[in-house]
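Asks: Please see the structure below; I have some questions.
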Amino acid sequence: MTISAFQLCGSLALAAVVYKFVHTVLPWLYVNIIGPKFFGPKLDIRRMGGWAVITGATDGIGKAYANALAKKGFNLVLISRSLPKLENVAKKIGEDFKVDTKIIDVDFTNGVDIYDKIKAGIEGLDIGVLVNNVGVSYPYPEYFLESYEQNPKFLQDIISVNIHSVTHMCALILPVMVNRKKGVIINVSSTAAVIPNPLLSVYSGSKAFVDKFSVDLQTEYRSKGITVQCVQPGFVATNMSKMKKTNAMTPSPDTYVAAALNILGYTTKTAAYLPHTFLQVALKAMNDIICEPFTTDFVFKQLLNIRKRALRNMKQNK
Ligand SMILES: NC(=O)c1ccc[n+]([C@@H]2O[C@H](COP(=O)([O-])OP(=O)(O)OC[C@H]3O[C@@H](n4cnc5c(N)ncnc54)[C@H](OP(=O)(O)O)[C@@H]3O)[C@@H](O)[C@H]2O)c1
C-alpha cells in the first residue's frame, strides 16, 4: 500500500498537533488549572519560617497578603509609608489572628538609607516569606515626555518603588533564607509587563523588570531551597486601579491573593487568577494570530480614551 503526499502531510500535521498538545497544552493546563484546583498549593508555605515580611502592607493586595499569611499563622513585619495606617492594620491583624506584628514606616521614594531602618527592624527574625508588593503607577495614562515634563521626580519614584524596593528587599532577606535553606519570595508584577501598555511605559517597564528579575533569581536560588513566585495581576479592586466594584475580571484583593497562594510552587510567573490568565492567553493569541500592531493599536486606543476622560475630568474639577 502506498501513501499519497496528501496523506503524509495530514499524518505529519496530526503528529505535530499531538506533540504540541502533549508538550505545551497539557503542562499548561496542569500548572494553571488542574494542579491548583484539584491538588492545592505544591508547597507548604507554613514550613518556611515563623515570619513573613510584606511591603505596601496597609492597603489593597499587600493588606490581603498580610491577612492571608496571618491566617496561616505567620507573624508579620508590615512595611508601608503611613504610620497610623500601619498601626491600625497591625492592631486588627493581631486581634483577629493572634500573631505578633512589627511595623516599619518608610517611604520607598526616600533613597537607599531607608533600607538601614528595614534591616534593623528585621534583625534576628526567622523570615520564611517575603512579599515584594509595594508599587505605584501613573495617576492616568500619559505620554512619556509629558509625564516627564509635568513631574520628572514622579517617574523616578516609580522606579524607586517598583524596582529598587524589590532588589533591595531581596538583598536584605535572601541571605536569611539561604542560610536556612528555605524560603518563598513573592514579587508582585502586573499583566502590564506582558501585554502592550503604551501611555504607562515607565510603570509597565518597571513591572517587566520584576518579571525578568524573578525568573533569573529563581534559577540562581532554586537549588538553595528558595521558591520565587512572580504574580502578574490584571485589574484588582484597589485604590491603585480606582475600581471599587468587583466582578469576574476585577477580583477583590482577598480573592486575588487566595488564587496566588493556591498556585504557589507550580510556576515562577503566573497571572494566578484564572480570568486574568485567560486574558493573557487571549491577548497573546491576538498577537500571534491576528498580528502585534493590531493588538498594540487596540490597547493604545483604549488608553488614549482613558487619558482623554481623565484630562476632561481634571479640567472640570479645577
Ligand atoms: N490593583 C491593580 O489592579 C493591580 C494590577 C496589577 C498590579 N498591581 C500591583 O500590585 C501591587 C499592589 O497594588 P495595590 O493595587 O494593592 O495598591 P494600593 O491599594 O494603592 O496599595 C499600595 C500600598 O503600597 C504602599 N505604598 C505606596 N507608595 C509607597 C511608598 N512610596 N513607600 C511606602 N509604601 C508605599 C501604600 O501605603 P500607604 O497606605 O502608606 O500609602 C499601600 O499600602 C503594586 O505593585 C501594583 O503595581 C496592582
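Read-outs: derived from the displayed coordinates by stated rules, not from any lab. What you are looking at is a predicted structure, and each value in this text was computed from that prediction instead of being measured. Note: ideal-geometry Cβ built from the backbone for every residue, glycine included; neighbour counts use all protein chains shown.
Asks: Output the 0 to 90 degree angle, nearest 10, between the alpha-carbon long axis of helix 201-221 and the longest principal axis computed from the alpha carbons of the chain.
Replies: For 201-221 against the chain, the angle is about 90 degrees.
Asks: Moving to a separate point now. Report the antiparallel proportion of the DSSP beta bridges in the chain as a percent, rounded to a multiple of 5.
Replies: Taking every DSSP beta bridge with both residues in the chain, the antiparallel ones total about 0 percent.
Asks: Continuing with this model, one more query. Do any of 92/182; 42/71; 63/98; 85/181 go past 25 Å between their Cα atoms, and which? Don't skip to the end; give the middle numbers.
Replies: Working: 92/182 29 Å; 42/71 19 Å; 63/98 16 Å; 85/181 34 Å.
Over 25 Å apart, Cα to Cα: 92/182; 85/181.
Asks: Quick one: helix 5-20 against the long Cα principal axis of the chain, what's the angle to the nearest 10°, folded into 0 to 90?
Replies: 20 degrees
Asks: Need the full-extension length gain, residue 289 to residue 309, defined as separation in residues times 0.36 nm minus the C-alpha distance. One decimal, nm. Could the numbers behind the result be given before it?
Replies: Values: separation 20, 0.36 × 20 = 7.20 nm, distance 3.14 nm.
Stretched out fully, the residue 289 to residue 309 stretch lengthens by 4.1 nm.
Asks: Could you grab the relative contact order for the chain? Cα pairs under 8 Å, six or more apart, rounded to a whole percent. Walk me through the numbers before you get to the answer.
Replies: Working: 498 pairs, mean separation 57.6, N = 318.
Reported relative contact order: 18 percent.
Asks: Please work out the FRET efficiency for the pair residue 19 and residue 298, using the Cβ-Cβ distance as r and a Förster radius of 30 Å; give the result to the nearest 0.05.
Replies: Given R0 = 30 Å and the Cβ-Cβ separation, E is 0.40.
Asks: Any chance you could give the angle, 0 to 90 degrees and rounded to 10, that helix 60-71 forms with the longest Cα principal axis of the chain?
Replies: 80 degrees
Asks: Still on this structure, I have one more. Could you tell me the distance between the Cα centroids of the stretch 14-56 and the stretch 99-172, to the nearest Å?
Replies: Spelled out, the Cα-based centre of one part sits 29 Å from the other.
Asks: Oh, and also: Past 31 Å, Cα to Cα, is the threshold; run 102/318; 244/315; 244/301; 91/224 against it and keep the listed order. It would help to have the intermediate numbers written out before the result.
Replies: Working: 102/318 41 Å; 244/315 23 Å; 244/301 24 Å; 91/224 35 Å.
As for pairs spanning more than 31 Å Cα to Cα, those are 102/318; 91/224.
Asks: A further question on this structure: Let a ≥ b ≥ c be the square roots of the eigenvalues of the Cα gyration tensor of the stretch 1-135; is it rounded (a/c under 1.5), or, if not, prolate (a/b larger than b/c) or oblate?
Replies: Prolate.
Asks: Just from its helices, what would the mean residue ellipticity at 222 nm be for the chain, if runs of 4 or more DSSP H residues each count -39500 (n - 2.57) and the sum is divided by every residue, rounded to the nearest 500 deg cm²/dmol? Working shown, then result.
Replies: Working: 12 runs with 155 residues, N = 318.
Result for the chain: -15500 deg cm²/dmol, rounded to the nearest 500.
Asks: Is the chain rounded, prolate or oblate when judged by the Cα gyration tensor, a ≥ b ≥ c being the square roots of its eigenvalues, rounded requiring a/c under 1.5 and prolate requiring a/b larger than b/c?
Replies: Values: a/c = 2.03, a/b = 1.26, b/c = 1.61.
Here the chain falls in the oblate category.
Asks: Could I ask something else about it? Would you mind telling me which residue in 297, 100, 126 has the biggest mean-square fluctuation in a Gaussian network model of the chain, where springs connect alpha carbons within a distance under 10 angstrom?
Replies: Between 297, 100, 126, it is 297 that shows the largest mean-square fluctuation.
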